[in-house]
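Data block below; observations after.
The values are calculated or read from the model by the stated rules, or taken from the named source; none is laboratory data. Just so you know, these numbers come straight off a predicted model, no measurement behind them. Quick reminder, even Gly has a Cβ in these numbers, built from the backbone with ideal geometry, and neighbours come from all protein chains shown.
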Amino acid sequence: MSRLDSLLEAALARIERAGQRRALRATALAPGGRVLREGRELVDFSSNDYLGLAGHPLLVARAREWTARYGAGSGASRLVTGTSDAHLELEAKIAAFKRTEAALIFASGWQANATIIPALLAAMPGVAVFADRLIHASMHAGLAMAGVRQHRFRHNDLDHLEVLLAEKGTAAPARLILTESVFSMDGDRADLSRLAALAERYDAALFVDEAHATGVLGPGGRGLIAEVEGKIDLVMGTFSKALGGFGAYVAGSRVLIDYLVNAASGFIFSTAPPPAVLGAIDAALDLVPGMEAERVHLAALGERLRAGLGALGFDHGASSTQIVPAVIGPERDALALSVRLEAAGFLAAAIRPPTVPAGTSRLRLVLRASHTEADVDGLLAAIKAAR
Ligand SMILES: *Cc1c(COP(=O)(O)O)cnc(C)c1O
C-alpha cells in the first residue's frame with residue numbers, strides 16, 4: 001500500500017471509530033415521491049426534489065432541446081467564451097423572478113457561497129461578520145477561505161445578534177450578516193423583516209441563502225425575501241432543490257453582480273454551466289410561479305407530519321416548512337431508526353454531526369408535493385412501530 005493510502009486508511013479508521021464513516025448508495029428518483037434503491041421502491045422522505053420537477057417532462061425536454069441546439073458543453077469559463085445568449089437571457093429571467101436588478105448563475109450553491117463570501121470580504125476591509133450558528137457548510141467554507149473570524153449568533157436569536165452588532169460591529173468600518181431564509185436541517189425560518197431592520201439600523205449588508213425557500217415559499221415561489229423586497233443586499237439560492245435541476249444563482253444590484261464577475265473565483269475560474277443545465281432551469285422558472293397548488297399541498301403535509309410526530313412525542317423544533325426534523329439525540333439511535341424505516345419501505349436519512357450539532361442527530365424528513373396524506377400517515381405508523 002502506498003504511503004498516501006496508508007495514511008488515508010488510518011484517517012478513515014478514525015472516522016469509523018467516531019461512528020461517522022459514510023458510504024455511497026445508488027438511488028434513483030422515481031415518480032410519486034418514491035425512490036429506487038437496490039432494486040426496492042421506497043417512499044422518499046429524504047431528497048430535496050420538493051416540487052417533483054427533477055423528473056418533469058418540460059425540464060427533460062428543454063434540457064434535450066438546448067443540448068441539441070447549443071451542444072453538450074459550454075467550451076470555457078464565462079469570461080472567455082462560455083457566455084451564450086442563453087446564459088444572459090436566463091440571468092435576466094432570474095433577476096425578474098427575484099425582483100432584483102441583476103443575477104448571476106454559478107455551477108453550484110456550494111461554489112457560490114464558498115467563493116462569493118471571500119470576494120465580498122475582500123472589498124470590505126476590516127469588516128465584522130455576523131453569522132447564524134447554523135449556516136450551511138458552504139458559507140463556513142467561504143469564511144474560512146477568507147480567513148475572517150465571524151461572530152456567531154445563536155440560531156435565529158436576533159436579540160443575540162443585536163447585542164453582538166452593538167458590541168462588536170459599531171467600531172468596524174463595515175458589517176456583514178449571513179443567514180439562511182429556511183434552515184436546511186431544521187426547516188425553520190429566519191425573521192427576515194427584523195433582520196432587514198437590524199441591517200438598516202447598524203448599516204450592515206445582509207446575505208440570505210434561499211436554497212430551501214426558492215420555489216416553495218413566498219408569492220409565486222419567489223422565496224421568503226419577497227417579504228422584504230429591496231431590503232436584502234444579496235440573495236442566493238440553488239436550482240438543485242425545488243427547481244429540480246442543478247446550479248445556483250446570486251441576485252442583487254447591478255454593481256454587486258458586476259463586482260462578482262470580476263472577483264468571485266468560483267465564477268471566474270470554472271467552466272460555464274452547460275446548455276442542458278440551463279434548459280432545465282429555464283423550464284423550471286416557467287413552471288414554478290404556477291405551482292401554487294403544490295405549495296399549498298406541501299404546507300398541509302408539513303402540518304400533518306408535525307402533528308403526527310408531536311403525538312408520538314418527537315421534538316420537531318421550530319419547523320414550519322417542507323423540512324421537518326424528528327430529533328432523536330444520539331447518533332446511534334437516529335441511525336438505527338433510519339435503518340429500520342428503510343426495511344419498512346421508507347427512506348428517511350439520519351443526519352448526524354458534523355452536519356448538525358452533537359446530540360441533535362435526527363431524521364431529516366422532507367416532504368414532496370407528490371406525497372399523499374396516506375404516505376405521511378404510513379411514515380408515521382412505521383416510525384411508531386420502529387422506534
Ligand atoms: C444545498 C445547499 C447549498 C449548496 O447548494 P448546491 O447547489 O447543492 O451546491 C447551499 N446552501 C444551502 C443552505 C443548502 O442547503
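Is it fair to say M236 is out of contact with any Ser or Thr (no Cβ under 8 Å at 6 or more places or on another chain) and within 12 Å of the ligand (Cβ to nearest atom)? Walk me through it before giving the result.
On the way: out of contact with any Ser or Thr (no Cβ under 8 Å at 6 or more places or on another chain): yes; within 12 Å of the ligand (Cβ to nearest atom): yes.
Taking the combined requirement at face value, the residue satisfies it.
Kindly indicate whether any position in segment 162-181 is within 11 Å of the ligand (Cβ to nearest atom), assigned by TED's automatic domain parsing to the domain that holds A128, closer than 22 Å to V288 by Cα and surrounded by 21 or more Cβ atoms within 10 Å (Cβ to Cβ).
Taking every residue of segment 162-181 in turn, at least one turns out to be within 11 Å of the ligand (Cβ to nearest atom), assigned by TED's automatic domain parsing to the domain that holds A128, closer than 22 Å to V288 by Cα and surrounded by 21 or more Cβ atoms within 10 Å (Cβ to Cβ).
Please note which strands (runs of 3 or more DSSP E) are completely contained in segment 1-59 and include at least 1 residues that are surrounded by 10 or more Cβ atoms within 10 Å (Cβ to Cβ) and of a type in the set (S, T, Y). Before the answer, list the steps.
Working: elements: 27-30, 34-37, 40-44.
Counting at least 1 such residues, we get 27-30.
Is it the case that R175 is in contact with a Leu (Cβ under 9 Å, 6 or more places away or on another chain) and of a type in the set (D, E, K, R)?
Numbers: in contact with a Leu (Cβ under 9 Å, 6 or more places away or on another chain): yes; of a type in the set (D, E, K, R): yes.
Yes, satisfied.
Have a look at R189, R201 and point out the one that is in the same structural domain as A137 (by TED's automatic domain parsing) and surrounded by fewer than 20 Cβ atoms within 10 Å (Cβ to Cβ). Step through it out loud before you land on a result.
Working: R189 fails: surrounded by fewer than 20 Cβ atoms within 10 Å (Cβ to Cβ).
Step by step, each of R189, R201 is checked, and only R201 is in the same structural domain as A137 (by TED's automatic domain parsing) and surrounded by fewer than 20 Cβ atoms within 10 Å (Cβ to Cβ).
Name the residue, out of F130, F153, that is more than 16 Å from the ligand (Cβ to nearest atom), surrounded by 21 or more Cβ atoms within 10 Å (Cβ to Cβ) and in contact (Cβ under 8 Å) with a residue 60 or more places away in the chain.
Numbers: F153 fails: in contact (Cβ under 8 Å) with a residue 60 or more places away in the chain.
Going through F130, F153 in turn, the sole match is F130.
Report yes if G313 is part of a loop (DSSP other than H, G, I, E, B) and surrounded by fewer than 16 Cβ atoms within 10 Å (Cβ to Cβ), otherwise no. Full working, then the answer.
Numbers: part of a loop (DSSP other than H, G, I, E, B): yes; surrounded by fewer than 16 Cβ atoms within 10 Å (Cβ to Cβ): yes.
Yes, satisfied.
Answer yes or no as to whether F267 is buried (at least 24 other Cβ atoms within 10 Å of the Cβ), within 16 Å of the ligand (Cβ to nearest atom) and over 28 Å from H56 (Cα atoms).
Values: buried (at least 24 other Cβ atoms within 10 Å of the Cβ): yes; within 16 Å of the ligand (Cβ to nearest atom): yes; over 28 Å from H56 (Cα atoms): yes.
In short, yes.
Using beta carbons and a limit of 8 Å, which pairs, at least six apart or on different chains, have the first residue in segment 1-22 and free of Cβ contacts under 8 Å to residues at least 24 places away in the same chain and the second one surrounded by 10 or more Cβ atoms within 10 Å (Cβ to Cβ) and assigned to a helix (DSSP H, G or I)?
Filtered contacts from segment 1-22: M1/E9; R21/L12; R21/I15.
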